[in-house]
Every structure is written in structure tokens, then in C-alpha cells.
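A quick write-up on the structure given underneath.
Please treat every number below as a calculation from the coordinates, not as lab data. Remember, it's a predicted structure, so these values are computed and weren't measured experimentally.
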Amino acid sequence: MLSKSLLFFCACILCAGAARATAPPEVTTIAGSGAPGIADGPAHKATFLFPSGIAIARDGSIYISDRAAQRIRLLTRSGEVRTVAGSGAIVPPGIFVTPGYRDGAALQAQFNGPEGLAIGPDGALYIADSNNGCIRKLLLGQVTTVVGKCGQNPQPYRWNPAFVVDGPIETASLIHPSALAFDAAGDLYIADNGGGLRRWANGVLTTDHFAEEHSLPQGEAISAIGVAVAGGADPVIVVSTYTDVFAYYPLTGRDTIMYPDKLSDGNPFGHPNQLAAIDAQQFLFTDLITANIRYLRLQKLPFNGSVFTRVIAGGRYERGSDNAGFANGTPMDSRFYDPMGIAVVGNSAVVADGGNRRIRQIVLPASRVSEAGFDPANHVDTKHYEVALIGASWSFWDTLGDDSICAHIEATLNRSHRFRKPVRCHTIRIDAGKVGNFEDYIKKIFPYERMDLVIMDAEAYASALPAAKEARAAFGPTFRAHMQQPLAVLKPLRTRLALLWIYNAQDTSDSEWIVQGFPFFRAPPGTYFHEDFTELAGLLRGTPILHYDMYDDIMKYELSIGATPLYLPTSQHPNSRGNAFFGDHIAQGLLAAGLGNH
């Protein structure tokens, strides 16, 4: 997090999902007219009652569970919707089909509120038949029951220990399975609402317990709503509940919980619903309360100790009653109503927009962040002037799409026409205060990559200045010697090093000289860090290190008439205006310090 003294602590490394499409993200409808019904046919004329689950078949077609219609639908690659399982007629008032339970021929089978879907290693479609309390399978035109006591749980929505039974198929039971995901080994993870995270492997059902479950009533399992699995042989399982999101690592038993008020974007989620994995660090989930689609990036220890989340579509209002609706277009102008299932295919997400009775598609924004090396999909190359920005939460905050600080650095440097090759900027997250890890971090990454410029923040170095004047004099040689370490690592790579002096000016704009409400405080900026950085700049004379002090630029802006805030009102992170301001001024400052002509 940005502290009061926050300096932009910058260096670089790339994107966890980085070479995703660079075209402007957009939200479109790919199936469903919006009218209630169960009509098959051309995608935009087809009708749904309440689409709830999404799974992408191996050929790219899309399976959809229509919960109120008691059906499984298929959106083919040719743009046709057809029913592949389930039966029954719509009954008055015309918004649902009478539920039931029947195995057998797919188009005569019956379901009771099918929700989560997953493609199994056998190529079959696995179905969370939620209100029936069991898992069904669709294969070769036949529906069979995999596990659970279908239709025998009288309280499917409540925690009932009598129906949380592990063991083989003969005795195992579920309460309300709502989402499914397979791991690389072929084990099926089940989000069982009231039963917790269940696992079906080798014909046996088990329950995985989290350390964080200590906050629940004794013996009660978490109300698991959604589940996604990623990571191959060392998987991470992400589980959503009514209020929180868990990340669980089954090989070690480690788990962490992400509370909505502890996340990074100042817009806490309301009701996390279904999840989809982009990779082992990046996930998407639908939010029923805020009626939007959110992006989630997990910790990457030891360098990144915090979780990042951000709305990527559906608007940023905090209340669903204000936010819910229907609109296509740009991500923030689009609107959803009870978004349910979600799946990732290529550079897009497919969403079952339940309340709108449509299937929607979102083009995902590119990510500019990596904490552990460059994603193979967006490797550095010799065709670009590669810039790495190593920063804490201020630089890392909005690293999706073209609204990040790094994106604005890239744009300003390219506009300067002082580089023979197109400039490309990548962000690397490193939590504030990890001074001892900077050189280790560079050593671990840069020997395997080429990089033209590494930008780092000088805040931690300034905070190391002794308070006593006589001790400060002796600090100079120590500081210069310390700076030789990253220079020694970068020199063989012909990489330039830049240090930034950047401040959180506490947003003095718009008369924000008063307390805004816990825990964020806006106040007149102090000058002591500026003085410390000025002293450090003197110690850098004679070293091949570019340096730039942003103090005057920020003060000039903040104290100007009509200045509007550079920071979010509910957190100490830059808003989109701040991202543009900081990115442009960082680039201009480094150009003034001699960067360019390469």
C-alpha cells in the first residue's frame, strides 16, 4: 500500500497474462434474445429462462446450464443454440420448468436447478444438479449420476451435517453442489453450498477443510459457491463463498482468505459467485451484489504479499440495485443482471448473464505484471526498447489494459521519438520495504532476460538515512556501495538503471486538506522526504544512474486552481487521471535526465 511517504518504488518485469489482445476491450451478446423461453435456433433469436453455468468444449463450442429451464444447452461454433439434455414444458407464469430427476436418454432426462459445468478428462460434460444434490454426467447422448443422493436432501440450501457424507458412491452425499472444476490429475472439485469444498477422486468423495474455517460455527463447513482450479501439478484451488474468496494449495494444505475490505481497488465485492482461471495467478469471478465481473490476482511470495482485484466489466458502483441492468459496449459502460457462470476461452471471458437471459462475451484487458519472470506469451525481444518498472502497490494498482502507469510511460517515451525501436513497458510488483530483496530479485530474473531500462523507487533507500547528522555523513559511501550491487548485475546486460523520487502528496487538490474518513487521510504534504531525496541525489553524482525527483511536478499540480484528485477516494492508489499524470511525468523526467537516443 502507499504510505504517507510513498515513493514510487519502481523496476520491472512483465505480465502474468500479458500478450492478451491489445484491441479495446468490449462487451457483446453472443446468444439470447433476452425474452424468456426455451427456444433453440440462431444464437441471437434463441431464448433462455435463467442461464447459470458455462463450460467450453474441446471444439470451442459452449455448454450452458439453463437453471430454470432444467436443461443443458449448447452454443455451437456455427452460432446455433440447441438443447442437448433435459426435458419438461414451461409452466405458468412462464419463467420455469417443473424440476425432476431422471437418468437415461439425454433429451428425456430431468434436472432440478443445474448450475456449474465442467468438461472431464473423459470428454464428458459434468453437471452440478444443484437442487437434486448430486453430480450428473452427459456422454454420448446419455445422462448418468456420478455421485450424490439425487433428490433425497430435504434442505438443499442449509447446512445439514446428515447430508455432508464422505466415502464411496454408495454412501457419499452432497448438499447443494453449485460449481465444478477438474485438476490436472483428473480429480473433480465441487463447491458444495453448505458442505464446503468436496473432492471426487478414484470413486471416493472427501471434504477439504481450510484453516480459515475457524471463524465458522463449530463443525460447520464453508458455504462454497464457486470453484476454479489452475496450476497443473502444483494446483491452486480458488473458492468463493457468500462474502469471501479462499485460495487453497492442496499439496501443502496452505490456504489464505481474501476479505472484501482487504483488497486493493477501493470497491469491495459483495457476493462472489462463479470463478474462472486465466492461469495460476489470475482469476475472474462474477459478483451478484455489485452485478459486475471482477479480476483477481493472487499473491506471489516473497515479492508480492498482497492480493489485487479490480472490476473489469459491468461498472464500478458498489450496489447492485444501482448497477444492475443490460448494456453492451465498453467494460465500464456495460451492465449485467445476476451474472452467474463464467469461463475463459482465449483472450475472452464468456458469462451466463442470468437475469438478462443472455450469454455475454468480454474481451479481456492485457495484463502488464509479472512477479516471477516473463510470461512466454509476451517475452522481451530485440525489436523493442524494453522498460521494466519495479514498484509497490502504487505502480501495480491498475496494471490491466492501457490505463496503467506503465502504459503511460510507454506512450510518452514513444512520442518523444528518441528511440530507434518501439518502447514497451512492463510492471513488476514488489512490496514496499523489501530493500534486502531488490538485488536478489534482479539476479533471479534478469540473467535470463534482456532489458534496456530498469526503473526503481528510491523511497526505501531514503528511509535508510540515519537521523543523526554525523551518521548521515558516513552513510554516503555505504549508499554508493549498495547501489553498485544492482549496477553490477545489470551492467553485463547493458541495462540502464533509473531511480525515482516520487511522493504521495496526500491529494491536496479539491480542498482535500481534511480527514476523508477512516482509514485514509488527506493532508498538506510534508517536505522532509523531498529533503532526504535531494541528499541522496547528491550521493549519486558520478554514478551511471538516471534519477528524477517528482516533488515539484506534483506540488505544482496539487496546488493549482481547479486541480482534481489523482487518487481514488477510498484508497491510496492512483485513479485513472493519476496513472496518466505519474506515467507521463516519470517519462518526461527521465528524458530530461538524459534517457533516449537509443
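Within the set LYS469/LYS491; LYS383/LYS491; LYS421/LYS556, which residue pairs have Cα atoms separated by over 31 Å? Walk me through the intermediate numbers first.
Details: LYS469/LYS491 33 Å; LYS383/LYS491 20 Å; LYS421/LYS556 33 Å.
As for pairs spanning more than 31 Å Cα to Cα, those are LYS469/LYS491; LYS421/LYS556.
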Query raised in the report: What residues qualify as long-range amide H neighbours of LEU205, i.e. H under 5 Å apart, gap of 5 or more or another chain, H built at 1.01 Å from N?
Result: GLY167
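Please state the shape class of region 75-146: rounded when a/c is under 1.5, otherwise prolate if a/b exceeds b/c and oblate if not, all from the C-alpha gyration tensor.
oblate
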Report summary line: For region 337-352, Karplus-derived ³J(HN,Hα) couplings (6.51, -1.76, 1.60; θ = phi - 60°; whole Hz; x for glycine and proline) come out as 9, 6, x, 10, x, 8, 9, 9, 9, x, 9, 10, 10, 10, 10, 7
